[in-house]
Amino acid sequence: MPDLYVISKNTDSHQQLLVTTPPSGLSLSGRIRVPGDKSISHRALMLGAMASGATTIEGLLLGEDPRSTAACFRLLGAEISELNTQRVQVRGVGLGQLNEPVDVLDAGNSGTTIRLMLGLLAGHAGKFFSITGDGSLRSRPMSRVVKPLREMGAQIWGRNGGSLAPLAVSGQALKPIHYHSPIASAQVKSCILLAGLLAEGETTVTEPALSRDHSERMLRAFGAKVHVEPETNSVTVTGPANLHGQPVVVPGDISSAAFWLVAASIVPGSELVIENVGVNPTRTGILEALQLMGADIELQNQREVAGEPVADLRVRHTSLKACEIAGDIIPRLIDEIPILAVAAVFAEGTTVIKDAAELRVKESDRIAVMATQLNRLGAKVTELPDGLEIVGGTALAGAEVDSADDHRIAMSLAIAALNAKGTTTITRAEAAAISYPDFTATLQQVCQ
Ligand code: S3P
């Protein structure tokens, strides 16, 4: 009899994930790989599509979000091979040479796709573009990129004064700006830098705290002039740039690895090695937070692959203690807060997560949804305006919980279920395919 039952059921157009823990408990073991980094995958497709010549992408995430990016850039004239093997070929159009698409560009569920693409399209003078997305994306704030793009001379229209998709763009010649972003957001930073590629002169973005720097790294590799000033969290790109197709190697996504880091930490007797994970310092806040909680995580075989630091992560079960997470670390673990909340449920003491109001405008309101859903399992989680307070150490019992159509919530709840008594049913679990299509298969594999 298996230790753990993980069953996927189709209901209407949705999937339920049923996780049943045996009364004797279970443990996780094995060596696994996680899919390619989502942020790097989007950027590789976009820069490849904009560059002259051929780009080969090794290890691309074959999830729904990169599929949205690929579909948009095919409509814009780039040749992108089918996303069915991890080696994807892109033939770019050359900077500033995207086609006026004959249809609406659909960014699906992906904030990175719509916001970065807006920056690239805004400077295509004389061309018209319309962009939409799914229900979640159409409710997410776009003014954070529309406002600075308008300062550069962009013409953008949309609902609510241009702050909500669907959006329409009439490409214009752009002028460079120095933008002081009120939020630490890699999507805002990248959008402006990409717009700056087509503006004559220096475009600078200064942010209040450092956000992920994959755009800066990859733009440089593709031949753009990029200057970083770490003391002021500023990046400058000089336009017009020349981008040349490149081989890109995408490391495993630390945001996906985070589910296994927490799973092995909270389930007694567990030990996992997650191979080939990207450990870019702008993304490793989750490692620091878990180590602060006392987690047993070791970075092995550290190396650099195609301009990004990579390591194998070995994690063993240990008892966790509560911690406080706030300030500059937040942008460095923003996507991992739902699974960090799960870790806190099983830690001794009260964990407080603050300065994370951005979570309210992600694929779902992750503060509200995580509090509601974890409490359904018996946890003691309180919403704060900008975070969560979690009283650890209460026993969880299986119940029906819902992903709110948010990939990271679906997977976080499945990990919480590993330590809940009986059966937990996660509805709308198919959302995981946005960033981790094989999540359920890997869950079955490590629990055997
Ligand atoms: C991303 C940046 C972050 C992150 C998102 C991916 C990126 O968003 O939450 O999942 O690839 O640039 P913000 O820029 O809104 O913080």
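The values are calculated or read from the model by the stated rules, or taken from the named source; none is laboratory data. Because the structure is a prediction, the values reported are computed rather than measured. Glycine also receives a Cβ, built like all others from the backbone with ideal geometry; neighbour counts cover every protein chain displayed. For the accessible areas, the whole protein counts, side chains as well, though only heavy atoms, and no ligand, DNA or RNA atoms are used. Shrake-Rupley method; radii C 1.70, N 1.55, O 1.52, S 1.80 Å.
Dividing the radius of gyration of the alpha carbons in the stretch 6-164 by their Kirkwood radius gives 1.08 for Rg/Rh. Pairs of Cα atoms nearer than 8 Å and 6+ residues apart set the relative contact order; for the stretch 321-429 it is 26 percent.
In terms of the mean number of neighbouring beta-carbon atoms within 10 Å, the peptides 11-24, 317-330 order highest first as 317-330, 11-24. Cα centroid distance between the stretch 134-188 and the stretch 255-320, in Å? If we compute the Cα centre of each part, the gap is 35 Å. If R0 is 22 Å, the Cβ-Cβ spacing of Ser130 and Glu79 corresponds to a FRET efficiency of close to 0.45.
One chain, two ends: Ala168 and Gln86. Fully extended at 0.36 nm per residue, the span grows by 26.2 nm beyond their Cα-Cα distance.
Net length available on complete extension from Lys421 to Ser8 is 146.8 nm, with 0.36 nm assigned per residue and the Cα-Cα distance removed.
Out of all DSSP beta bridges with both ends in the stretch 38-249, state the antiparallel percent to the nearest 5. Restricted to the stretch 38-249, the bridges split so that about 75 percent are antiparallel. Packing order of peptides 259-269, 433-443, highest average first: 259-269, 433-443 (average count of other Cβ atoms within 10 Å over each peptide's residues).
Between the C-alpha center of the stretch 36-55 and that of the stretch 367-430 there is a gap of 34 Å. Taking 7 Å along the Cα-to-C-beta vector as the label spot, tell me the Ala441-Glu324 distance in nanometres, rounded to one decimal. Each label point is offset 7 Å from its Cα along the Cβ direction, giving 4.5 nm. With R₀ set to 41 Å, the beta-carbon distance separating Ala399 from Arg150 gives a calculated FRET efficiency near 0.30.
Divide the volume of the convex hull around the Cα atoms of the chain by the residue count and you get 125 Å³ per residue. Rg/Rh, computed from the Cα trace of the stretch 374-425 with Rh as the Kirkwood radius, has the value 0.96.
Pairs of alpha carbons in the stretch 197-261 separated by more than 15 Å make up 60% of all such pairs. Annotation note: chymotrypsin sites (Phe, Trp or Tyr not before Pro) in the stretch 110-179 located in DSSP loop regions with a Cβ neighbour count of at most 15 within 10 Å are absent. When a/c reaches 1.5 or more, the comparison of a/b and b/c decides; with that in mind, is the stretch 159-220 rounded, prolate or oblate per its Cα gyration tensor? Taking the square roots of the gyration eigenvalues as a ≥ b ≥ c, the stretch 159-220 is oblate. The lysines within cross-link reach of Lys380, meaning a Cα-to-Cα straight distance under 28 Å and a gap of 8 or more places when in the same chain, are Lys321, Lys354, Lys362, Lys421. Taking GluC sites (Glu not before Pro) across the stretch 171-268, the ones in a DSSP loop with at most 13 further Cβ atoms lying within 10 angstrom of their Cβ are Glu200.
Accessible area per residue for the stretch 38-249 is 36 Å², calculated with a 1.4 Å probe on protein heavy atoms, without ligands, DNA or RNA. Pair-distance distribution P(r) for the stretch 357-448, from all Cα-Cα distances in 5 Å bins starting at 0: 3, 14, 23, 25, 19, 12, 3, 0, 0 percent. Taking the empirical scaling 2.2 N^0.38 Å for compact globular proteins as reference, the stretch 38-249 has a Cα radius of gyration ratio of 0.91. What part of the accessible area of the stretch 32-185, given as a whole %, is carbon or sulfur when the probe is 1.4 angstrom? Carbon plus sulfur share of accessible area: 49 percent. For the peptides 37-46, 181-190, the ranking by mean Cβ contacts within 10 Å, running from highest to lowest, is 37-46, 181-190. Working note: Debye formula, equal point scatterers on the alpha-carbon atoms of the stretch 406-448, no solvent; log10 I(q)/I(0) at q = 0.28 Å⁻¹ is -1.08.
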